[in-house]
Every structure is written in C-alpha cells, then in structure tokens.
1. Determine, for each peptide in 61-70, 47-56, the mean count of other beta carbons within 10 angstrom over its residues, then list the peptides with the highest first.
2. In what sequence, largest accessible area first, do 150, 41 appear using a 1.4 Å probe?
3. Give the accessible area for residue 175 in Å² (nearest 10); use a 1.4 Å probe, count only protein heavy atoms, and leave out ligands, DNA and RNA.
4. Starting from the Cα gyration tensor of region 40-127, take the square roots of the eigenvalues, sort them a ≥ b ≥ c, and report rounded, prolate or oblate (rounded when a/c is under 1.5, otherwise prolate if a/b is larger than b/c, else oblate).
5. For the chain, modelled as a Gaussian network with Cα springs under 10 Å, which listed residue fluctuates most, 100, 31, 122?
6. Tally up the carbon and sulfur contribution to the accessible surface of region 123-185 as a whole percent, 1.4 Å probe, everything protein left in place.
7. Go ahead and set up a Gaussian network model of the chain, Cα springs under 10 Å, then flag whichever of 103, 111, 19 fluctuates most.
8. With angles folded into 0 to 90 degrees, how steeply does helix 3-24 sit against the dominant principal axis of the chain? Use alpha carbons for both and round to 10.
Amino acid sequence: MNPRFAFIAAPLLTFTYGVIRIIDGLDGSRGPGPAWTIGHLAFMAALVLFAHIFWRLRAMAGRGPLATVSAVAGTAGIATLLAQFGIDLVAGFVAADHDGMGVIFDQAQSVPGVSLVVYDGGPFLFYLAQLALIVQLAVMRRVGAWTPVLVLLDLALPFADKDLIPLGALCLLISFVPLARRAPARVAVAAA
C-alpha cells in the first residue's frame, strides 16, 4: 500500500465518518439506516489505514523498543475499535429502530470482558499509541513541534463533543500532510 495514500485517506475517512454521524443524528437519533452503515464503514476503512500508518511511524522513529510497543499497542487498539464498530454494524442491520439497537448493544456488552476490552479500555490503546508515536518523532525532530499538538487536538475534540470529530480529523490531516510528503511512494521489501 502506498503510505502517502494512507496518511491522507485515513483522516479524510475519519472526517467523512464525523460528518455522516452528524447528518445521521439530525432526526434526533443515530441509526439504523444507510447513514449509520456508510459512516461506520468509512471509519473502519480509516482504521485499516491507521494500522499501516502506525507501522510506518514506527519505521520513521527508528524501529526501537518504544516505537515497536507503541505500534503493537495501537494495532491492538485498532482491533478493539474494529470489533466495536462491527458490533455497531450488526446492530444496525438487525435492529428495526434505535431502541432495538440499544438492546443489541446491551447484549453484546453483557458478554464477560467485551465491555472492558471493546468499549472501555481497548480503544484507548489506539489513541495513546498514535500520540506516543508522533511525540517520539517530535522528540527526534522528525516532525515539527506543532504536530503532536494537532494530533492531541484530533484525539481530544471528540471527547469534548463527538460532533467535533470532523474538526479533529482536519487537525489530523494537517499534521499528516508533511508525513505523507516524506513517506516513500513505494516501500522496498527486504530479503529474508
């Protein structure tokens, strides 16, 4: 996969998810329906791209132990978010209305460990790893000092209000553009 594509497409897909989420909520509830499904699929696609980004950031940070632990933790966080959004998609397909989705969410979260891993704890690994990798690059002076600030804004804004996801995604896009420019178009595969 072209790393330049991932650095640009992931924030744009996150932006798309945020906008569609806002549109989906204009009637007073979110899901089920096409907006719910399309928005979730957009963010799931972004997550797949973030997995590539985390490993590219690890390489840019020198592949050391801290960068490796960050990339592994981020990948684990991505897996939990994919599970969470997968549950959301199933609920959207199975339920007749928003209240029915709530019943499905309750059933999923009642499975031992699901609430902690998929909803409460696991996703934070994605956010913390992303910030950790960018901070490592800033400390190494491989990205500007302003880059971690923009990434932190991207991560913090949705916690203040989920309707700020598009604004956060724009901050991330701005911080990722220089990384996309620096990423090689093709990655050489080392012989084993």
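1. Numbers: 61-70: 15.7, 47-56: 21.2.
Packing order, densest peptide first, comes out as 47-56, 61-70.
2. Working: 150 30, 41 90 Å².
My answer, sorted largest first, is 41, 150.
3. Using a 1.4 Å probe on the heavy atoms, I get roughly 0 Å².
4. Numbers: a/c = 4.98, a/b = 2.14, b/c = 2.33.
Oblate, since a/c reaches 1.5 and b/c is not below a/b.
5. Of the options given, 100 has the highest mean-square fluctuation.
6. On the way: 2240 of 3130 Å².
Roughly 72 percent of what the probe reaches on region 123-185 is carbon or sulfur.
7. Between 103, 111, 19, it is 111 that shows the largest mean-square fluctuation.
8. 20 degrees
The values are calculated or read from the model by the stated rules, or taken from the named source; none is laboratory data. This is a predicted model, so every value here is computed, not measured. Quick reminder, even Gly has a Cβ in these numbers, built from the backbone with ideal geometry, and neighbours come from all protein chains shown. Remember, those area values only see protein heavy atoms, side chains included, never the ligands or the DNA or RNA. Shrake-Rupley method; radii C 1.70, N 1.55, O 1.52, S 1.80 Å.
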